[in-house]
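What follows is a single structure, written as structure tokens, with notes after it.
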Amino acid sequence: MSRAYSFLSGAPTGGLAANRAARKTGIAVLGTVGLLLAGCADQSGTGSTSVQPPKASHKVGVLLPLSGPNAGLGRELLSGAQLALGETTATGAAAVPAAGAPTMDVHDTAGAGGAAAAASAALAAGDGILLGPLTAGDTAAAAPAAQTAGVPVLAFTSDVSQARAGVWVMGITPEDQVERLVALARKEGRHRFAALLPDNPLGHALGNGLIASCQDQGLNAPAILYHTGSAASINQMMRQLSSYDSRVSDAKATQVTDAPVTPVPATPSTDSTSTDKALPSDLAAALKPEGSDAASSQNAAPKLAAPPFDALLLGDTGLNLKNVILAMNDSQVSPTAVRVMGPGLWSAFATKLGALKGAWYAAPDPSSRQAFVSRFLARNHHMPRPLADLSYDAAMVAKTVSQVAPNGYPADVLTRSEGFAGVDGPFTLQPNGRTRRALGVFEVIGGGSSAKLVAPSSLKTGVSG
């Protein structure tokens, strides 16, 4: 099963076609594939942050939308957390935890007061860790009270702007995907990076990730341009990024300088029409005399030199991606000469990316997810949505730490170097609130075939690839 990611910021991006493809394959549309939950209202309630620190405990607070338009998704994530903690459904709303597992305390972020009120209620109940909320807006509303209380938050957003000490972003971020791609491209010998990206939150997250990755790996600053989504804007930005006009001028100058002067033979006075009919069409066209259509075609743009970059990051899907590919063709930016890279959301339709043969995207290895899918299916009688992976992982962190830390969830244990086992592979919680996940790199091979894994999932960064 393909895997993509959620960029839960509440802002729309991506095409309708990408969203449909995601639904068909069970893929949540990222930052991760389009900005999932585009219709989510950012609950920015101003709940009190004067809650007294609760007694250190292993009680797990879960903050999810259990009513309203996102109730279905909220309950899906709740099922993922329950599976990790080994809970079995009981009569009514309660659930029975497995022996030795921490108890779960669930609060609805779509209720009165929103995520801020849900967080305050969880803290008042003595919860030692909070799993959720779902969106970046809800995380911003819930985090202050938790930080005041010294209670860690494992949020399900992929928006790195919410990451900070004590508040972890559990989603697979665009920045982490780009870091993995740049590391491998640098190892391949690429040193000049550029990007043509949509002017939306996902595009800017990818762009920021490229800037940071190039800086971290000692590369020159990348050239980045953002388009507005129209075909004209995409074409214009691609020409500008690839220095198309100057490349054309250089090529024409070289063509004039190097062109040999040869005599033009006299044209026999024959019936060219009859001659054309007697020859294969392609050969007849090639033999047409000076001044014909064949000669006119020589005035078209000549073969151009390579663009001023050897690696190009894209961020579009659907019709916009088609227009980007057309613009690349018009500007003679070839995937055979330039390493094209894209977001993990491409995994949803990699079989249809033949025009970008050789392109890379970073994503978890889908084979890692099969055991989780089987367990979830057996318990809930339907395939899990990919966001359930995040709630399962967060709950597994809570369960694991509760078994090794006698009181609460200390930061030094949460950020332990060995990390944790996740649905999609190992991951570690960083002191700055980022979550580093093992990502593989996949290459588009075209011909209607699935992308192939060219670099195994790895937590390594930097020049190691």
Among the residues in the stretch 395-410, are any aliphatic (A, V, I, L, M), closer than 23 Å to Ala149 by Cβ and open to solvent by 50 Å² or more (accessible area, probe 1.4 Å)? yes
Inspect the stretch 396-406 for any residue being among the charged types (D, E, K, R), closer than 20 Å to Leu73 by Cβ and out of contact with any His (no Cβ under 7 Å at 6 or more places or on another chain) and give the result as yes or no. no
On the given criteria, is Ser230 exposed (fewer than 12 other Cβ atoms within 10 Å of the Cβ), of a type in the set (S, T, N, Q), under 37 Å from the mean Cα position of the chain (by Cα) and at pLDDT 50 or above? yes
Among the residues of the stretch 242-252, is any within 28 Å of Pro174 (Cα to Cα), open to solvent by less than 100 Å² (accessible area, probe 1.4 Å) and at pLDDT 50 or above? yes
Considering the stretch 432-461 alone, what residues qualify as being in a loop (DSSP other than H, G, I, E, B) and closer than 16 Å to Val178 by Cα? Arg434, Ala438, Leu459, Lys460, Thr461
How many residues of the stretch 406-417 are out of contact with any strand residue (DSSP E or B) (no Cβ under 6 Å at 6 or more places or on another chain) and assigned to a loop (DSSP other than H, G, I, E, B)? The answer is 6
Does the stretch 141-152 contain at least one residue that is open to solvent by 10 Å² or more (accessible area, probe 1.4 Å) and closer than 17 Å to Pro65 by Cα? yes
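The values are calculated or read from the model by the stated rules, or taken from the named source; none is laboratory data. Please read all numbers here as calculations on a predicted model, not as lab measurements. Here the Cβ is made from the backbone with ideal geometry for all residues, glycine too, and neighbour counts use every protein chain on show. Only protein heavy atoms, including side chains, enter the accessible area calculation; ligands, DNA and RNA are left aside. Shrake-Rupley method; radii C 1.70, N 1.55, O 1.52, S 1.80 Å.
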